[in-house]
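Below is one structure, written out as structure tokens, with a few remarks after it.
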Amino acid sequence: MDYREKLKQLIKERALKVADKPVFKLSSGKMSTYYMDLRTITLDPEGGYIIGNLIFEMVKGHKPDAIGGLTLGADPISYATALVSYLNRQPIKPFVVRKEPKGHGTGKQIEGNIQAGDRVFIVEDVVTTAGSSLKAAKVAKEAGLEVLGIITIVDREEGGEENIRKEGFEFYPIFKVSEFLKKSQ
């Protein structure tokens with residue numbers, strides 16, 4: 001199965017919403033004529049299976065210890081990748097980065113079976129400006145993790161890649177939004 005093509009088909013069928021005028025508010029606060037609701041795919045058994053396989057194939061040569069990112073967008077992606085990695089006998093642990101440190105207990109901001117020195121990838125469903133991805137990468141670095149790069153399912157091509165590279169991280173988009181939209185949108 002060509003996982004990339006199947007995922008592209010699912011995004012077109014389920015996740016891409018397009019309007020004539022800017023009606024979609026993005027997490028950056030910007031208004032847009034289109035929206036990628038990738039949770040319709042990442043929180044779906046078939047979508048998770050496809051994404052887990054795609055990302056596992058992307059990262060396995062780097063031999064990461066873990067994969068994760070800012071909750072909630074990264075969670076199903078990292079879990080799917082971890083499950084596929086285990087089935088392939090090359091386990092990659094998932095982890096979750098909280099938006100803020102936990103207000104009780106140990107006060108951790110990162111949850112998961114990870115430790116300083118682990119090599120990790122940060123994942124995100126959609127990158128616009130890369131604010132969420134960079135926040136997760138910063139928290140990971142502060143925890144002593146070695147960030148191997150940032151992976152996204154869709155790069156909206158609105159400055160995120162430049163922001164990620166400016167901070168010294170590698171960037172691995174599965175798709176660019178231009179693969180889905182006509183130039184006029």
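Among the residues making up region 80-111, those that are within 19 Å of the chain's Cα centre (by Cα), in a loop (DSSP other than H, G, I, E, B) and of a type in the set (Lys, Arg) are 98, 99. Residue 114 meets the conditions (1) more than 16 Å from the chain's Cα centre (by Cα); (2) surrounded by fewer than 16 Cβ atoms within 10 Å (Cβ to Cβ); (3) in contact (Cβ under 8 Å) with a residue 12 or more places away in the chain; (4) over 23 Å from residue 44 (Cα atoms) in every case but one. The failed one is (2). The residues in region 128-185 that are in a loop (DSSP other than H, G, I, E, B), over 24 Å from residue 12 (Cα atoms) and not aliphatic (A, V, I, L, M) can be counted, and the count is 5.
A single member of 56, 95 is more than 24 Å from residue 6 (Cβ to Cβ), of a type in the set (Phe, Trp, Tyr) and crowded, with 20+ Cβ neighbours inside 10 Å, and it is 95.
A quick yes/no check of all residues on (1) under 21 Å from residue 85 (Cα atoms); (2) surrounded by fewer than 17 Cβ atoms within 10 Å (Cβ to Cβ):
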{"site": "124", "(1), (2)": "yes, no"}
{"site": "129", "(1), (2)": "no, no"}
{"site": "138", "(1), (2)": "no, yes"}
{"site": "146", "(1), (2)": "yes, yes"}
{"site": "149", "(1), (2)": "yes, no"}
{"site": "163", "(1), (2)": "no, no"}
{"site": "175", "(1), (2)": "no, no"}
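Scanning region 121-157 for residues that are in contact (Cβ under 8 Å) with a residue 40 or more places away in the chain and among the acidic types (Asp, Glu) returns 124, 125.
Readers should treat all values here as calculations from the given coordinates under stated rules, not as data from a laboratory. The structure displayed is predicted, hence computed values, not measured ones. Counting neighbours? That spans all protein chains shown, and the Cβs are built from the backbone with ideal geometry, glycine included.
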